[in-house]
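The values are calculated or read from the model by the stated rules, or taken from the named source; none is laboratory data. As the structure is a computational prediction, the values presented were derived from the model and not from experiment. Heads up, the Cβs are rebuilt from the backbone with ideal geometry, glycines too, and the neighbour counts pull from every protein chain shown. We work out accessible area using only protein heavy atoms, side chains counted, and drop any ligands, DNA or RNA first. Shrake-Rupley method; radii C 1.70, N 1.55, O 1.52, S 1.80 Å.
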Amino acid sequence: MSLRIALLNAAHDGALNRRNFRRELDADLVEYDVTERELPDTFAFDGCLLTGSRASVYWEEPWIADLTSWVRDAVERDVAFLGVCFGHQLLAHALGGEVEPMDEYEIGYRTVEHDGTSELLDGVDERFTVFTTHSDRVVELPPGAEQFAANDYGIHGFQTEDVFSVQFHPEYDTETAREVTRGKDDQLSEERIQQVLDGITSENYDAACEAKRLFDNFTQYLRGRAGTGESGGVAAADD
């Protein structure tokens, strides 16, 4: 079956997100530029994917308030979610968790560990490599949520019912990693940026591709939900 997923694109220039997620997800992606306050007028999706952004979820911006409200409503209607980076933080924030700035920016290829409790990372080694770039982190999970991945910088994955989220960027290719890193010149020193660029190698990228398995796991999960006739799929009501 063909899945219909709402791509809630939170990047202010969404071209890289658009390319990367369309490459990785075997689904019909219906894109919304949420920074321009574009949001679906329906909840009739098999699932939603909420992307990264240079914004912080605690900024007092109208589009963030709109997005937070829509996400809460969608989750209450049993729509399944996958959040990535900002999406991970927005889901935590919207569902009653807490996000705060970090003392140190995490960027580059890092090791994350997961405990095997979430089907999102089925088939991924307990210790795995991912590309990270963030200066905020989830410090308190939403009520009822369970952490399934972390490293020394904090929580890298949580799940609550049909909501999955990860702090790292499984969708990144090396081109995206380099472009994003070079764009941090207003936040990081030239030396730090060059260190990260030096680490964007084919070897590290190949290792990080293991985590891309989560996209297949997510779509498999959505197909399972649709097969059981649970609400939130394409047949759901538009209210």
- Task: Take segment 39-74 and flag every residue that is assigned to a loop (DSSP other than H, G, I, E, B) and acidic (Asp, Glu).
- Result: 41, 46, 60, 61
- Task: Mind listing whichever residues of segment 14-32 are touching a residue at least 60 places away in the same chain (Cβ under 8 Å), open to solvent by less than 30 Å² (accessible area, probe 1.4 Å) and more than 11 Å from residue 215 (Cα to Cα)?
- Result: 17, 20
- Message: Just to be sure I understand, how many residues within segment 1-38 are part of a loop (DSSP other than H, G, I, E, B), modelled with pLDDT under 95, farther than 14 Å from residue 54 by Cα and in contact with a strand residue (DSSP E or B) (Cβ under 7 Å, 6 or more places away or on another chain)?
- Response: 1
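Give the residues of segment 211-235 that are open to solvent by 50 Å² or more (accessible area, probe 1.4 Å) and either under 22 Å from residue 166 (Cβ atoms) or modelled with pLDDT of 95 or more (or both), sorted by residue number. Talk me through it step by step, then tell me what you get.
Going residue by residue through segment 211-235, those that are open to solvent by 50 Å² or more (accessible area, probe 1.4 Å) are 213, 216, 220, 223, 227-231, 234-235.
Hits for segment 211-235 are 213, 216, 220, 223.
Does residue 206 satisfy the condition of being out of contact with any Pro (no Cβ under 7 Å at 6 or more places or on another chain) and open to solvent by 40 Å² or more (accessible area, probe 1.4 Å)?
So residue 206 fits the description; yes.
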- Somewhere in segment 163-180, is a residue closer than 18 Å to residue 81 by Cβ, within 14 Å of the chain's Cα centre (by Cα) and among the acidic types (Asp, Glu)? yes
- Task: Give the residues of segment 168-186 that are among the hydrophobic types (A, V, I, L, M, F, W, C), open to solvent by less than 10 Å² (accessible area, probe 1.4 Å) and either modelled with pLDDT under 95 or assigned to a helix (DSSP H, G or I) (or both), sorted by residue number.
- Result: 177
- Message: Which of the numbered conditions does residue 165 fail, given that it passes all the others? Conditions: (1) in contact (Cβ under 8 Å) with a residue 40 or more places away in the chain; (2) open to solvent by 10 Å² or more (accessible area, probe 1.4 Å).
- Response: (2)
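With the structure loaded, tell me whether residue 113 is in contact with a helix residue (DSSP H, G or I) (Cβ under 9 Å, 6 or more places away or on another chain), of a type outside the set (A, V, I, L, M, F, W, C) and closer than 21 Å to residue 215 by Cβ or whether it fails that test.
On the way: in contact with a helix residue (DSSP H, G or I) (Cβ under 9 Å, 6 or more places away or on another chain): no; of a type outside the set (A, V, I, L, M, F, W, C): yes; closer than 21 Å to residue 215 by Cβ: yes.
For residue 113, the condition - in contact with a helix residue (DSSP H, G or I) (Cβ under 9 Å, 6 or more places away or on another chain), of a type outside the set (A, V, I, L, M, F, W, C) and closer than 21 Å to residue 215 by Cβ - is not met.
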- Query: For segment 86-95, does any single residue satisfy the condition of being touching a Lys or Arg at 6+ places or on another chain (Cβ under 8 Å) and over 27 Å from residue 19 (Cβ atoms)?
  - Reply: yes
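Here's the yes/no breakdown for (1) among the hydroxyl-bearing types (Ser, Thr, Tyr); (2) open to solvent by 10 Å² or more (accessible area, probe 1.4 Å); (3) in contact with a His (Cβ under 9 Å, 6 or more places away or on another chain); (4) closer than 17 Å to residue 157 by Cβ:
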{"position": "88", "(1), (2), (3), (4)": "no, no, yes, yes"}
{"position": "92", "(1), (2), (3), (4)": "no, no, no, yes"}
{"position": "100", "(1), (2), (3), (4)": "no, yes, no, no"}
{"position": "112", "(1), (2), (3), (4)": "no, no, yes, yes"}
{"position": "117", "(1), (2), (3), (4)": "yes, yes, no, yes"}
{"position": "126", "(1), (2), (3), (4)": "no, yes, yes, yes"}
{"position": "135", "(1), (2), (3), (4)": "yes, yes, no, no"}
{"position": "138", "(1), (2), (3), (4)": "no, no, yes, yes"}
